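The next block holds one structure in the form of structure tokens; read it before the comments.
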């Protein structure tokens, strides 16, 4: 199992973690959660997450990011209508998610669940994180 530090310095997340630390504020292991905690939540919901989403929640499950867009907490993750909502705005007018069936795709595409849930809005979950953490 990779540690929080392993994930934070991994090529996929290094730039995002650096940006958050430089522009938003503290971002450290206290912002994440253990794999065991995440697995317990996912088991309760009978939910499987793609690798990139698992890594993001291990890094940022407890991060209080503020701003317009809010990451769905791990405790509220659920498959509904074939998708798993991962990000919303504070008014609940825009929601983004991944297809539940894409749990085996390492870094799956993301869909705007309100505008057009069949059209890919971001080519990968990582690109969604990168775009929304820079706003």
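The values are calculated or read from the model by the stated rules, or taken from the named source; none is laboratory data. Because the structure is a prediction, the values reported are computed rather than measured. In this analysis, Cβ positions are derived from the backbone assuming ideal geometry, glycine residues included, and neighbour counts consider all displayed protein chains.
Here are some residues: 113, 59. Which one is surrounded by 12 or more Cβ atoms within 10 Å (Cβ to Cβ), within 14 Å of the chain's Cα centre (by Cα) and in contact (Cβ under 8 Å) with a residue 24 or more places away in the chain?
59
If a residue has to be without any contact (Cβ under 8 Å) to a residue 60 or more places away in the chain, surrounded by 12 or more Cβ atoms within 10 Å (Cβ to Cβ) and out of contact with any helix residue (DSSP H, G or I) (no Cβ under 8 Å at 6 or more places or on another chain) to count, how many in the range 10-28 make the cut?
Counting residues in the range 10-28 that are without any contact (Cβ under 8 Å) to a residue 60 or more places away in the chain, surrounded by 12 or more Cβ atoms within 10 Å (Cβ to Cβ) and out of contact with any helix residue (DSSP H, G or I) (no Cβ under 8 Å at 6 or more places or on another chain) gives 2.
So the check is Cβ under 7 Å with 6+ separation or different chains; which pairs have a first residue in the range 117-135 that's at negative phi and surrounded by 15 or more Cβ atoms within 10 Å (Cβ to Cβ) and a second one that's in a helix (DSSP H, G or I) and at pLDDT below 85?
122/131
Please go through the range 70-102 and give me each residue that is closer than 24 Å to residue 10 by Cα and within 13 Å of the chain's Cα centre (by Cα), ordered by number.
70, 71, 72, 73, 74, 86, 87, 97, 98
Yes or no: the range 47-55 includes at least one residue that is under 10 Å from the mean Cα position of the chain (by Cα), closer than 16 Å to residue 5 by Cβ and at pLDDT 95 or above.
Yes - at least one qualifying residue is present in the range 47-55.
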